[in-house]
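The values are calculated or read from the model by the stated rules, or taken from the named source; none is laboratory data. Quick caveat: nothing in here was measured; it's all calculated off a predicted structure. A quick note on method: Cβ atoms are made from the backbone with ideal geometry, for glycine too, and the neighbour counts reach across all protein chains shown. Remember, those area values only see protein heavy atoms, side chains included, never the ligands or the DNA or RNA. Shrake-Rupley method; radii C 1.70, N 1.55, O 1.52, S 1.80 Å.
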Amino acid sequence: MAGNAFGQAFRFTTWGESHGPAIGCVVDGAPPGMPLVEADIQAWLDRRKPGQSRFTTQRREPDTVEILSGTFEGVTTGTPISLLIRNQDARSKDYGAIKDQFRPGHADFTYWAKYRTVRDYRGGGRSSARETASRVAAGAVARKVLDHDLRAAYGAGAPRLSIRGALVQLGALAVDRGLWDWRETERNPFWSPDAQAAARWERHLDEVRKSGSSVGAVVEIVASGVPVGLGDPVYDKLDADLAKAMMGINAVKGVEIGAGFAAAALTGEQNADEMAPGGPGNPPSFGSNNAGGILGGISTGQDVVVRFAVKPTSSILAPRASVDRFGQAVDVVTKGRHDPCVGIRAVPVGEAMMAVVLADHWLRHKSQCLDARPSLPWESWGRKSEPRAADD
């Protein structure tokens, strides 16, 4: 099967199925000599793992990661990093009743048709959101690369790069951006930056969960401290790669950058992110960020802002009309352990994919444009040129 790898200079390939013995990934492109131990990866996997609240699947997976290659004595060797996550709580019997049926909204039919009727029906096999644990593991390595390499390039002046995600809408209920508090995302099971919205979501999702149904969500990922200049014209734009990265997450049906689709309702005057001098030795400042931190496919130094829409979980208890592999009409009821809103656990996955894209573009930018510490073009802004010494 093609299409299991992502990235160029920083590249990872995932493998494994939802109900197989294990899942994992192979990460290539991490520089040698970078500190990396399993605890560096486990902390991020713990944010995504299932069974942490009644609002996610009750499948109990510890998601314990093992580093099989690519490190020696606690640092990277520059060779491929192989990461393993064993499956420990698969219940394949839950899917026996639908092994010949195509669940509406799932990839059952398309996998069966594409791969010549060969399909792992146990939890969706390769198409399961279980695969996203491997992406989070790769994203953890990407975060280490960014931290390590930016410090090496900029020294004490390294930008404080942070990647944070939040759920900004659950079903039809959106957050109040006037109440936004990043700290709140760590205090509730929804990654909501609005405590009041989290309380509303809790009541709403309890009703949805008890009825055996599901709802969709909108996730926002923000990267702050991104260096200026990441991204390549014309087909490798930073926003294009971010859109591909987010669109490749399970159940995602739409992606926008910055103002996104709302920009269509703005005038040119409203949409333009006006610029002002930043003062001697400082980059220019921006009056707004409708561009989402990216102009012409290249980062501006502002926050990089991406949002994506996640459809309702397709595995529901209500009977849905479909067909089986023999061409007969059937009513499908999906039993088992499923998320009533898969968008909740998509938040750390979106953060991971943001990290992967930024690490990839940082390494590509460094290989083309940088030698040692970057000489930034605005370092000489506002300064008078020194008189040249007379020739001897």
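Laid out as a table, the results:
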item	result
Selection within region 57-72 - assigned to a loop (DSSP other than H, G, I, E, B) and either at pLDDT below 90 or hydrophobic (A, V, I, L, M, F, W, C) (or both)	Thr57, Gln58, Arg59, Arg60, Glu61, Pro62
Long-range neighbours under 6 Å by Cβ, at least six apart or interchain, first residue among the aromatic types (Phe, Trp, Tyr) within region 287-308, second at pLDDT 95 or above	Phe308/Val219; Phe308/Met246; Phe308/Val252; Phe308/Val255
Looking only at region 321-367, and only at residues there that are among the acidic types (Asp, Glu) and farther than 21 Å from Gly29 by Cβ, the one that is surrounded by the fewest Cβ atoms within 10 Å (Cβ to Cβ)	Asp331
Test: residue in region 162-172 that is in a helix (DSSP H, G or I) and open to solvent by 10 Å² or more (accessible area, probe 1.4 Å)	no
In region 173-193, residue farthest from Gly343 (Cα to Cα) [restricted to those that are touching a helix residue (DSSP H, G or I) at 6+ places or on another chain (Cβ under 9 Å) and in a helix (DSSP H, G or I)]	Leu179
Answer residue from region 223-238, given it is open to solvent by 20 Å² or more (accessible area, probe 1.4 Å) and among the hydrophobic types (A, V, I, L, M, F, W, C) and is farthest from the chain's Cα centre (by Cα) among those	Val234
Evaluation of Ala133 against (1) among the small types (Gly, Ala, Ser); (2) open to solvent by 20 Å² or more (accessible area, probe 1.4 Å); (3) within 14 Å of the chain's Cα centre (by Cα) (one fails), failing number	(2)
Of residues in region 214-233 being in contact with a helix residue (DSSP H, G or I) (Cβ under 9 Å, 6 or more places away or on another chain), over 12 Å from Leu358 (Cα atoms) and among the small types (Gly, Ala, Ser), the one modelled with the highest pLDDT	Ala217
Residues located in region 301-320, provided they are at pLDDT below 95 and either in contact with an Asp or Glu (Cβ under 9 Å, 6 or more places away or on another chain) or farther than 30 Å from Gly258 by Cβ (or both)	Thr313, Ser315, Ile316, Leu317, Ala318, Pro319, Arg320
Near pairs, Cβ below 9 angstrom, 6+ apart or cross-chain, from region 230-249 (β-branched (Val, Ile, Thr)) to any residue that is open to solvent by 30 Å² or more (accessible area, probe 1.4 Å) and modelled with pLDDT under 95	Ile249/Ala129
Unique match (being over 27 Å from Leu205 (Cα atoms), surrounded by 21 or more Cβ atoms within 10 Å (Cβ to Cβ) and not charged (D, E, K, R)) among Val304, Val310	Val304
Region 280-294: number of residues that are open to solvent by 30 Å² or more (accessible area, probe 1.4 Å) and in contact with a Gly (Cβ under 9 Å, 6 or more places away or on another chain)	8
Odd one out for Arg54 among (1) within 23 Å of Leu150 (Cβ to Cβ); (2) at pLDDT below 90	(1)
Matching residues, region 101-130, being part of a loop (DSSP other than H, G, I, E, B), surrounded by fewer than 19 Cβ atoms within 10 Å (Cβ to Cβ) and among the small types (Gly, Ala, Ser)	Gly105, Ala107
Criterion (touching a Pro at 6+ places or on another chain (Cβ under 6 Å), acidic (Asp, Glu) and buried (at least 16 other Cβ atoms within 10 Å of the Cβ)) met by exactly one of Glu220, Glu184	Glu184
Among the residues listed as Phe10, Phe6, the single one being open to solvent by 10 Å² or more (accessible area, probe 1.4 Å), among the aromatic types (Phe, Trp, Tyr) and either within 20 Å of the chain's Cα centre (by Cα) or at pLDDT below 95 (or both)	Phe6
Among (1) in a loop (DSSP other than H, G, I, E, B); (2) on the phi > 0 side of the Ramachandran plot - the single one Gly155 does not satisfy	(1)
Number of positions in region 194-214 that are open to solvent by 50 Å² or more (accessible area, probe 1.4 Å), small (Gly, Ala, Ser) and either over 22 Å from Arg183 (Cα atoms) or outside any helix (DSSP H, G or I) (or both)	2
